[in-house]
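Worksheet: the structure to be examined is printed underneath.
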Amino acid sequence: MVMPRTGTVRLSVTTPYAALALRVNQRLLEAAEPVQSRQRQSQAAAERRFTEQRLDEVKQELSHAEDKLQAFLQRNRDYRDSPQLSFEQDRLAREVARQQQLYTSLSQAYEQAKIEEVRDTPVFTVVERPDLPIRPDHVGS
């Protein structure tokens, strides 16, 4: 049963034998641990791969923007006297700055994704371990 406000899942097993119900609950939790670890690592690896690919793309885009600005400056050594050329230089410089900012942001995200990929953080946490009930659970009540 999922508790809607907290996202807490309550696992309950009912059998004629309390010890059996306890053992089933314990085995379910034990079986879920490796699955959740693989799932988290798989998600982190996918995020790292995506970020790495995007970082490569942005690096190329940044290099292209820098090349365009450099070519402009080489062609127009005295652009400051022309409003049109000044505007073009500002536009190219803004694009380089935007690409640099994006590259920096993705670099940080990539490093964080590499850390997350090796971190052993569980997807879920057991709040309360299974225990033998104090009194019988009456099915159907």
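Nothing in this text is a laboratory measurement; each read-out follows from the coordinates by a stated rule. Bear in mind the structure is a predicted one, so any value in this text is a computation, not a measurement. Neighbour counts are summed over all protein chains in view; Cβ atoms, including those assigned to glycine, are modelled from backbone coordinates with ideal geometry.
Taking every Cα-Cα distance in the stretch 38-92 and sorting them into 10 Å bins from zero, the calculated P(r) comes out as 22, 28, 18, 15, 11, 5, 0 percent.
Restricting to DSSP H runs of at least four residues, report the calculated mean residue ellipticity at 222 nm for the chain, -39500 (n - 2.57) per run over all residues, nearest 500 deg cm²/dmol. Intermediate values should be presented prior to the final figure.
On the way: 2 runs with 94 residues, N = 141.
Rounded to the nearest 500, the figure is -25000 deg cm²/dmol.
A simple spin-label model places the labels of S63 and A97 2.5 nm from each other, with each point 7 Å out along Cα-to-Cβ.
How big is the dipole moment of the chain about its Cα centre under a simple scheme where the beta carbon of each Lys and Arg is +1, that of each Asp and Glu is -1, and everything else is neutral? Debye, nearest 20, please.
On the way: 21 positive and 21 negative charges, 89 e Å.
Dipole about the Cα centre, nearest 20: 420 debye.
The calculated FRET efficiency for the pair L11 and K114, based on their C-beta separation and a Förster distance of 35 Å, comes to about 0.55. On alpha carbon coordinates alone, what is the Rg over Rh value for the stretch 12-118, Rh being the Kirkwood radius? Answer for the stretch 12-118: 1.48. Between helix 83-118 and the chain there is an angle of about 30 degrees, using the helix long axis and the longest principal axis of the Cα atoms. Rg ratio for the stretch 1-74: its Cα radius of gyration over 2.2 N^0.38 Å, N being its residue count, equals 2.27. Report, in degrees rounded to the nearest 10, the 0 to 90 angle that the Cα long axis of helix 18-75 makes with the longest principal axis of the chain. With both axes taken from Cα atoms, the answer is about 0 degrees.
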